[in-house]
Structure formats: C-alpha cells, structure tokens
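One structure below.
The values are calculated or read from the model by the stated rules, or taken from the named source; none is laboratory data. Because the structure is predicted, anything quoted here is derived from the model rather than measured. Here the Cβ positions follow ideal geometry from the backbone for every residue, glycine too, while neighbour counts run over all protein chains shown. With ligands, DNA and RNA removed, areas are computed over all heavy atoms of the protein, side chains included. Shrake-Rupley method; radii C 1.70, N 1.55, O 1.52, S 1.80 Å.
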Amino acid sequence: MTQPSVILATASYDHTIRFWEAKSGRCYRTIQYPESQVNRLEITPDKRFLAAAGNPHIRLFDVNSTSPQPVMSYDSHTNNVMAVGFQCDGKWMYSGSEDGTVKIWDLRAPGCQREYESRAAVNTVVLHPNQTELISGDQNGNIRVWDLTANSCSCELVPEVDTAVRSLTVMWDGSLVVAANNKGTCYVWRLLRGTQTMTNFEPLHKLQAHDGYILKCLLSPEFCEPQRYLATASSDSTVKIWNVDGFTLEKTLVGHQRWVWDCVFSVDGAYLITASSDTTARLWSMSTGEDIRVYQGHHKATVCCALHDGAETTGA
C-alpha cells in the first residue's frame, strides 16, 4: 500500500475504526473493534501507526497495512483509557484512564514503564512541548503537572471544585494552557516564560464558552501563526472558534445535529475535523466557517478523530 499523505481516522460506538480519503470523503479501510468502544485515536509522529484507546487496553494498528489485527497491545490499565498521545519523536506513548492513573509506555518494549496516581478518573492528558512534563485533568476537577525528569507531581490546580476537567490543550510554544470543564467554561493560564519548568501558572482568562459540556478544547498549531485560535467542541452540537488575542468569538461552526466529541486542526490550521454523535465527521474551512466535506459511514456516534497531514517526524 502506498502511504497517503493525509491520514484521517475516526472511531465510533459502532465498534469500528475507519480511515478516510480526506478530500473525496471515501472510506478506504474499516477495522472492526469488537472488544470495547474506542475513546481516543492518535497517529504516531512518523505516520506509521494509529493508537486506539479502548477499555481497558490500547491497541496499535499499522496505518499502511490491510490487516485487521493490531501490531501491539498495551494492557495494564484497568478501566476506560480516555487519553493517549506520543512524545515528539515517537519513542514513547502516554495515556490516562478512568482507573485514576497516567502511564508511560516505551513503544519498543511491552509493559508500562511509569505510572502516576491521580486519585480520580483521568479524562485528559497532554504533553507539554518541552517533552518533559505531562498535564492531566480528572473527574474531580484536579489539574496536575507530572515532571518526568523528577518523576513526581510538580504542581496541582483546582480551577473549579468538583467540576470535571474534560479537556486540556497547550499552545505549541508552551505559552498557554487551557482547561475545559463540564460547565462549559474554559480556564486559561499563561505559562510564565524564562522558566524551564512549567509550574508557574498565571491566570489569564475565564471564558464561558458554551451552556453545555465542553468535550474537547484545542489550540491551533504552529503553522497557523500569526493567527492563534482556540476551538471548543460541545454537547450543544456546535464548535466555537475563539481568537486567543482577547478570547473573542470568531466563528461558530454549525452543522452537526448532536454532541461534538472531538476536533483536530490540520497542520496549517486552515481546516478543522470534527466528530459527532450524529454519526458523521466533518471537515470545516477555518476561513469561511463552512463544512466542506461530510464523512458518512459510521452507524452510531462518532466519538473521536485523528489527523496527520504534516511532514513525517522521526527520531534521530
């Protein structure tokens, strides 16, 4: 199989993962995933593998194969895996689970290398661009910074007591972190420059973005500069695009009929892919705010999406 330059995948409560031709909207591969739902998808930096976070395992699939079988399984979580991601050169993977733990996995070796205890169901984990800190958000409303060098929790924040943190996102240059919660609120902190560590959170803004849940928040990528956007996907069936300069509302993406669970920017920030309970995924133009492609094929809620349309990045 020749590798497509754009890899787009979605997963659904119908127990399938689908790969799509981004431009045409054609589904060219379907993987059956009977064991559980898939909560999160992520593509490795080198575009070779797709990680699917399920309950309670993570499976790694070969992007360029037609085999329905995973190439590797990561099995030490004991409940739904809600977050998964990769270090920038793809040497290791991180995950967060409703079992209350954040784990680190060496992709070249079986088993979990490290485990951090959050003491509440973990909904979201992001890797700071410095590649040495993980930030997790949990069901009890705690945000924790895990210092991978010191191998300990270096910072704890509770923006709103007993309000679950659903999603976290960090600006590509490490200057901002945003946390979105079940009350439709985004908390924004400036991460103070000049310090190597990330433990200095300076409150910058509180944004009442939606009346419903925010299921995903996402800051725009580096190649979107000088524009900087925050996307918030909500149970109110919309995605809102906010200008990070002042957190003013730029656009509301209207078209999905039900909850919008996930979103991902194209590498240049010109497009956004969304996944919804209405069974579809959509491709939106950031310049017009219109949906230009609908990906139809799932039979139940589409709850996560992954996109890699940039250059392959591989470890030295």
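Structure values in brief
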{"quantity": "Where a residue in the stretch 112-123 is over 15 Å from ALA83 (Cα atoms) and among the polar types (S, T, N, Q) and its partner, wherever it lies, is part of a strand (DSSP E or B) and open to solvent by less than 20 Å² (accessible area, probe 1.4 Å), with Cβ under 7 Å and at least six apart", "calculated": "GLN113/ILE104; GLN113/TRP105"}
{"quantity": "Filtered residue count, the stretch 109-132, keeping only those that are at pLDDT below 95 and open to solvent by less than 10 Å² (accessible area, probe 1.4 Å)", "calculated": "1"}
{"quantity": "Breaking point among (1) over 13 Å from ALA53 (Cβ atoms); (2) in contact with a strand residue (DSSP E or B) (Cβ under 8 Å, 6 or more places away or on another chain), for ASP89", "calculated": "(2)"}
{"quantity": "The lone exception for TYR187 - which of (1) within 20 Å of ILE273 (Cα to Cα); (2) buried (at least 20 other Cβ atoms within 10 Å of the Cβ) it fails", "calculated": "(1)"}
{"quantity": "Given (1) touching a residue at least 40 places away in the same chain (Cβ under 8 Å); (2) in contact with a Pro (Cβ under 7 Å, 6 or more places away or on another chain), index of the condition LEU50 fails", "calculated": "(2)"}
{"quantity": "Answer from LEU168, LEU207 - the residue that is outside any loop (DSSP other than H, G, I, E, B) and touching a Phe, Trp or Tyr at 6+ places or on another chain (Cβ under 9 Å)", "calculated": "LEU207"}
{"quantity": "Conditions (1) part of a strand (DSSP E or B); (2) within 16 Å of the chain's Cα centre (by Cα); number of the one not met by PRO129", "calculated": "(1)"}
{"quantity": "Selected residue (criterion: nearest to ALA164 (Cα to Cα)) from residues of the stretch 143-153 that are open to solvent by 30 Å² or more (accessible area, probe 1.4 Å) and either part of a loop (DSSP other than H, G, I, E, B) or of a type in the set (Phe, Trp, Tyr) (or both)", "calculated": "ASN151"}
{"quantity": "Residue match in the stretch 40-54 (condition: surrounded by fewer than 19 Cβ atoms within 10 Å (Cβ to Cβ), part of a loop (DSSP other than H, G, I, E, B) and polar (S, T, N, Q))", "calculated": "no"}
{"quantity": "Filter result (part of a strand (DSSP E or B) and without any contact (Cβ under 8 Å) to a residue 60 or more places away in the chain) within the stretch 1-29", "calculated": "ILE17, PHE19, TYR28, ARG29"}
{"quantity": "Failed item, numbered, when GLU160 is tested on (1) in a strand (DSSP E or B); (2) of a type in the set (D, E, K, R); (3) touching a Ser or Thr at 6+ places or on another chain (Cβ under 8 Å); (4) more than 28 Å from TRP284 (Cα to Cα)", "calculated": "(1)"}
{"quantity": "In the stretch 269-279, residue most open to solvent (accessible area, probe 1.4 Å) [restricted to those that are among the hydroxyl-bearing types (Ser, Thr, Tyr) and in a strand (DSSP E or B)]", "calculated": "TYR271"}
{"quantity": "Output for the stretch 20-41, where each listed residue is farther than 24 Å from PHE86 by Cβ and either of a type in the set (Ser, Thr, Tyr) or under 20 Å from the mean Cα position of the chain (by Cα) (or both)", "calculated": "SER24"}
{"quantity": "Hey, ARG29 open to solvent by less than 30 Å² (accessible area, probe 1.4 Å) and basic (Lys, Arg) or not", "calculated": "yes"}
{"quantity": "Positions within the stretch 245-268 being touching a Phe, Trp or Tyr at 6+ places or on another chain (Cβ under 8 Å) and either farther than 17 Å from HIS210 by Cβ or surrounded by 22 or more Cβ atoms within 10 Å (Cβ to Cβ) (or both), in sequence order", "calculated": "LEU253, PHE265, VAL267, ASP268"}
{"quantity": "Criterion: modelled with pLDDT under 95, surrounded by fewer than 19 Cβ atoms within 10 Å (Cβ to Cβ) and of a type in the set (Val, Ile, Thr) - qualifying residue of THR78, THR66", "calculated": "THR66"}
{"quantity": "Verdict on LYS216 being in a strand (DSSP E or B) and either under 22 Å from MET286 (Cβ atoms) or modelled with pLDDT of 95 or more (or both)", "calculated": "yes"}
{"quantity": "Residue check for VAL165: touching a His at 6+ places or on another chain (Cβ under 7 Å), closer than 24 Å to ALA306 by Cα and β-branched (Val, Ile, Thr)", "calculated": "no"}
